[in-house]
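What follows is calculated from the coordinates using simple rules that are stated; it is not laboratory data. Keep in mind the model is a prediction, meaning the values are calculated, not measured.
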Amino acid sequence: MYEAARKIWKVVAENVAPPLSIPELDIQKKILPFFQVGDCYYFIFNATRGEFDYVHPGIADILGYKAEECTVAKIMSYIHPEDIGRFLDFEQQAVAFFEWLPIDKILKYKVRYDLRVRKADGQYLRMLHQTTPLQHGEDGAILRTFGVHIDITHLKSSGPPVLSFVGMDGEPSYLNIDIKKGFSPSHEVLTRREKQVLELLLLGMPSRKIAEELNISRQTVDKHRKNMLQKTGIRSSAEMVVKALKEGWV
C-alpha cells in the first residue's frame, strides 16, 4: 500500500523541498489551534521523500507507538483493512484537488477524512486525519504538509470514512466529496463569523473566552450560537460540535 501511495504523492512531489524550520512554539500557537478538538498528535510530512520530517511524541499516548519508530509505511500498515482502499482514493483525490486549485489558494485549505487505525494493543480507534500544505514549489507542487490525527472514536463509532476539503480565510468548502465527480462548493450553512465561533467551541472555549478571542461581546457570541442552532435544527451546542466534526463544517 505504501508504494501505491508514493506513486500518488509523486504527482505533486517533483521538486526537492528546501529546509523548513518551524519552532515548536509557532506550531502550538499558530497552526495547531485550527485543528485540535481532542486528544491528538501532529506531524510534518515531506512529500518529496514520502516520509515524516517530524512526529510529535504524543502519538505514544494515543496509539502506543514511539514517535522515533514511526515511519509513514508503519502508520499506513495500521489502517483498518476495510479503510485502505478509501485511504488511497482520498489521497488521489487530494492530489487532484490541489492541482486544480490556483496557486495562491493552496495554503488556504485543509484536507479532512477519518480512518480506523490500530493501536499497539490491537484495538482500533477512529482517527480524524487533517492536513494542510506548509510549502509548495513555484509550480504549485506541494513539498510539505502539516497534519494532525485526532481520536474521535467517542464521536463517530461507525459509518464509512468521508472526505472534505475545508476552506480557511473565507474560502468555500467542499464537503463529503464524491470521488467520482468534480469539485463543487458546498452550500455554506454558517457565516464566516459563525464558523469562527464554532471553531472555538470545538476547542472547548466558553462564550466568555470566545468573546475575548474574537474581540466581540459575550452577548454577540451567544447570539451567534443561537443562530447556528436555529439554522441547523440542532438542539444543543454539544450536538452541534459532534455534527460539525462528522460533516466537516470547519
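Which residues' amide hydrogens lie under 5 Å from the amide hydrogen of Ile79, considering only partners 5 or more residues apart or on another chain, with H built in the peptide plane?
Arg118
Setting aside same-chain residues fewer than 8 positions from Lys195, which aspartates and glutamates have a Cα under 19 Å from its Cα?
Straight-distance partners of Lys195: Asp169, Glu171, Glu212, Glu213, Asp222, Glu239, Glu247.
I need the fraction of alpha carbon pairs in segment 192-247 separated by more than 12 Å, rounded to a whole percent. Display every interim value, and only then the final one.
Values: 942 of 1540 pairs.
When all Cα pairs of segment 192-247 are counted, 61 percent exceed 12 Å.
Greater than 20 Å separation of Cα atoms is the criterion. Which listed pairs, Lys108/Lys209; Lys156/Lys243; Lys119/Lys156, meet it? Please list the in-between numbers first.
On the way: Lys108/Lys209 25 Å; Lys156/Lys243 10 Å; Lys119/Lys156 17 Å.
Exceeds cut-off: Lys108/Lys209.
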